[in-house]
Structure formats: C-alpha cells, structure tokens
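The values are calculated or read from the model by the stated rules, or taken from the named source; none is laboratory data. What you are looking at is a predicted structure, and each value in this text was computed from that prediction instead of being measured. Cβ coordinates were reconstructed from backbone atoms using ideal geometry, including for glycine residues, and neighbour counts include every protein chain displayed.
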Amino acid sequence: MTIRMLLAVAVACSGLTAATTLFAQKYGGTLQVLLTSPPDSLSIHEGSPVNSVGVSSMFNNLVYYDPFIQRESFETIRPELAESWSWNPDKTALTFKLRQGVAWHDGKPFTSADVKHTFDVVRGTSTARLKLNPRKSWYAQVGEIVTAGDYEVTFRLKRPQPSLIAMLAAGSSPVMPAHVPVADWRTKATGTGPFWLSEYQRDKVLVANRNGNYFIRNRPYLDFVRMNIIRSRATQTAAYVSGQLDVVVYSVATKPFMDSVRRASDQVQFQQIISTTNHYVMFNPKKPPFDNPKLRLAMSAALDRSGFSKSVFQGGLVTAGANVPPPMGTWGLTPEQLARVPGFGEIEKGREMARQMMAELGYGPKNPLKVDILTTTVPITLDSAVWTAGALKEVYVDATLQQTEPAVFRAALARRDYHIIAYSGTNGSDDPDVTFYEHYGCGSLRSYSDYCNPALQKQFDQQSQMFDNGARLRVVHDADAQILTDVPRALLGFRISYFPTWPYVKNFIPHQASSNFWRFQEVWLDK
C-alpha cells in the first residue's frame, strides 16, 4: 500500500477532511482578494451580509458551516468557538460547551461572558446599543441567555425554534468581545479569528495578518489576506486576468464577469453555485399609489423573469420565490408552483392581465404612472434598474432613474425615502426563518418596505416551530406563495455565482450564502 493510500485510510478513520490533510501542505503567501466596495462597518452585526465579508476572517462563531461543503444544511453545521451543543427535551433551551484557551486578538481570554454580551446586544436587551441592528429579528424567540461558569452558555427560548442553530452558524453571527465597547466594534475588528486587522484604508485596501495564536492548530496557512477595493468593472476584470487578484468577491461573480475572464484567459477554473442573493424590485407601500396591492401585483406581472436573466445576467439567474429553489435550495417553490403566479408563467398573459389591472386603476398610454427608481452606481444594480424601467413601460409606467452612491442609497432605504428600487438582498442562511423574519416579518429593520401581514406572520411562527421538515415545507410553500401575491417585493430570481479560481489557489470553496466562506483558514497557495 502506498503512502498516499495509507494517509487516505488514516483520514477516513479520523473523520478529517481529505482536502485538508492530503493536499494542504504549504504555508505562507498573500491571498489577493477583490472587494467591490468597502465594508458597511467593521462591526458585522451592523452591516448587510454581502458588505461585511471583508472582516469575516477576523471572527469566529459558536458554530459554523463546514468550509468544504457548498450546500449548507443542519447536517453541515460544525463546532467552532463551541466544542459541542445540545437541546433540552422540549427544544426550548440550546446549551453550548465552549472551547477553553481561546484568546482575543488583544490577548484577553474568550469566555461565556462574550457570548452572552454579543447576543444580548443583538437582541436589544443590553444597555449597549447597535446603530443598526438588521438581524435582531433572528433572535426574537430568545427569552434569555444564561452562563454556567466561563465555558457554558444556554439560549433559553420562548418557544421551540430549531433554526436557531442555523442562524448562529451564519457568517453574520460572530461572537464579539465583551471588554471592547460596542462603538469600537466598528473600527477595531477585535476578534478571535484566523487573521487580525493590520491595515484599513477605506476605498483602497484592507489587510489581515495571520493570527499566530489561533486556537485551531496549524491554521491558517496564509500569512496575509489583502482585500483590494476596486469599484470599476473593467478594472476588476483586468486586475484578475493579469494575476493581480486570486479571488473575487460575491457580487462580481456573475456570468458576464465569468465570460469576460474566460475570454481573457484559458487558465482559470470556475466554481458555480446558486447563491442566496435574490434580485428584486421593491415598492414603498407608504407612498401612494404603492399602498394598493393590486398595483403592485400588476407591476410584478409585467416583469419577464426569464428575459431579465437572459439580458442582465446572460442566463445566470434562477427564477424563484422568497427561498432558494431546488435542487440547491431546500425550501424554495417548484417551477410548477411558480408558474401559477402572474409574472412567473407565460409573460404575455401576465402583461395582458397587468394592463387590464392598470387600466382599472386609471392608467394607460396617455396617462402613464410616473415614478422614480432609486438605484446605485454599482454596475449590476444599475443594469437591473435600467432593465426594470424598460419592462414597466409595457404596462403604462414611466420610470426615471435616480442614481446614488451605495452609502446614500442605503441611507435612503433606512428612511424609506423611495418609490421603487431595483436591488438585491442576501440571506445569511438558506432557512425560512432567516428569509421570512428578516425580509418580510412585521417590524424587521431589513424589511425595507415595512411589509406586515399578520396572518402571514402566524404562518412564519407556525413553520418556525416545526421539527418535521416535510410538514414544515408545506407551510413554507404556502407562505412563499402568499408573499408573491402580496408583492412587497417583485422577486426576480436567485443569482448563479461563478467563482473564477486560479489553479494554485487551494481549498477555496464558495458557499450559497456570501458571508459563510470568508474565514480563509483552510485556503493555501500552491506557488
């Protein structure tokens, strides 16, 4: 038996990942990463998932998704700062046994007090407050968090919620240091992660150094991760094909980007995955006439989802409802279910129905509805807005684009200062609790339309408590279909991401959710 075969047997017996043991042999080097914009904040809990990836490698979660498995599920959740976890018999208490000997980047010891402090802040029960708290709704069922010594912590729930473990595994749920003021979370990025922040120049670069005291032995392999912030689409492509970059960020990894890279180099390999990034057109129901659900449904029925995918993404978008569609997603509606919704079936039938509805509301060729579409200068967002304006002309809507910088755009969203937006949202995990409560739940900060359907909220709560996934799926599908009918957002589809990878980059495995694969502790460079 060869040495390689003996190693393979040893790996199988130990339960280790072959990719880790057999091939990760080289230490050192700098991984050059592309970011399209700077992080919203160095405090991940205050940022959107896709705009916080730049600092994900500096933190850890209680649990996280296996870095070697693309498709995330309950079965792929692994211990990280926790050594183990367990539920009580009635599933209303989730207890974690914590690792000992873990240190923060400033040398302070990690304890259960850090876990309690972090999630008390996120839940809004601490005197310390976040400026923005987009994922507060994830933890609405947590009644209290209690510690038992320095290395045990329990989340006590108001009622069962099996998805709590999935939300804690998302990259948006890192544990933060209790000894660092919340205001400093935004600037210092003090974590326990495999890398520590050594340099940050907004709009230019973010550099992370290897953590020599990392609690996982012999990790990370890299000496540095250098995140280069490049906004220009042409410059991004040129930098990658010239070898100045090793990895691209999620929002750039579209099919048009892949095609441009492929035309420039035949050395690049690609990894393809249906992401949790959902593109949509959203209406502001607080600004008439968008408070009329009939108008929103008519405008949604005018949108040719297949045409959007072909023209803006060159086929790199999968039509879906609120949840990631099968087979990559667990909870999404099937094509047959979608086809029964106006705008998701035959487009001309949908548009004919939409024109009739618009005429009943008083609009027509001589009296179009005049609206503004708020968008950003980010190329993919701008492309989506331009397409939307063109599509809405088919149903007597005269749309004018308003372009803003991303920061100004997000501030307008927070104030609800818009008519229509063409944008995208990323779910932190492929689970209905994340999707429903964050984007469609009553009172959620990330429900930018302030959508609230009390009857639907009861369905959200019903499915959230179910441990039978088959029964839960039926309730999830009913809720998803109702969202498509109410149209707080005209959902267009989930993006297929195409990650270009140079052959020398090893163990870089993108996941569905953008925030869940940026630890980089397993990545190494074969050069």
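Table for the structure above
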quantity	calculated
Of residues in segment 119-148 being in contact (Cβ under 8 Å) with a residue 60 or more places away in the chain and assigned to a loop (DSSP other than H, G, I, E, B), the one surrounded by the fewest Cβ atoms within 10 Å (Cβ to Cβ)	Lys131
Criterion (surrounded by 14 or more Cβ atoms within 10 Å (Cβ to Cβ) and more than 12 Å from Leu492 (Cα to Cα)) met by exactly one of Gly364, Gly390, Gly315, Gly329	Gly329
Where Phe96 falls short, out of the listed (1) assigned to a loop (DSSP other than H, G, I, E, B); (2) free of Cβ contacts under 8 Å to residues at least 60 places away in the same chain	(1)
Residue match in segment 109-116 (condition: crowded, with 16+ Cβ neighbours inside 10 Å and touching a helix residue (DSSP H, G or I) at 6+ places or on another chain (Cβ under 9 Å))	no
Output for segment 262-303, where each listed residue is among the charged types (D, E, K, R) and within 19 Å of Ile421 (Cβ to Cβ)	Lys286, Lys287, Asp291, Arg296
Single residue of Thr400, Thr375, Thr435, Thr404 found to be more than 20 Å from Ala320 (Cα to Cα), crowded, with 22+ Cβ neighbours inside 10 Å and of a type in the set (Ser, Thr, Tyr)	Thr375
Selection from segment 35-86 of residues that are in contact (Cβ under 8 Å) with a residue 60 or more places away in the chain, over 17 Å from the mean Cα position of the chain (by Cα) and in a loop (DSSP other than H, G, I, E, B)	Leu62, Phe68, Leu81
Residue tally, condition outside any strand (DSSP E or B) and either closer than 30 Å to Phe517 by Cα or of a type in the set (A, V, I, L, M) (or both), over segment 257-305	20
Index of the failed condition, Arg489 passing every other in (1) touching a Phe, Trp or Tyr at 6+ places or on another chain (Cβ under 7 Å); (2) buried (at least 21 other Cβ atoms within 10 Å of the Cβ); (3) modelled with pLDDT under 90	(3)
Qualifying residue in segment 171-191 (condition: surrounded by 13 or more Cβ atoms within 10 Å (Cβ to Cβ), in contact (Cβ under 8 Å) with a residue 60 or more places away in the chain, of a type outside the set (Ser, Thr, Tyr) and in a strand (DSSP E or B))	no
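Quick grid of which residues meet (1) within 21 Å of Phe215 (Cα to Cα); (2) at pLDDT 50 or above; (3) of a type in the set (Phe, Trp, Tyr); (4) buried (at least 16 other Cβ atoms within 10 Å of the Cβ):
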site: Ile3; (1), (2), (3), (4): no, no, no, no
site: Thr21; (1), (2), (3), (4): yes, no, no, no
site: Gly28; (1), (2), (3), (4): yes, yes, no, no
site: Val33; (1), (2), (3), (4): no, yes, no, yes
site: Ser41; (1), (2), (3), (4): no, yes, no, yes
site: Pro49; (1), (2), (3), (4): no, yes, no, yes
site: Asn60; (1), (2), (3), (4): yes, yes, no, yes
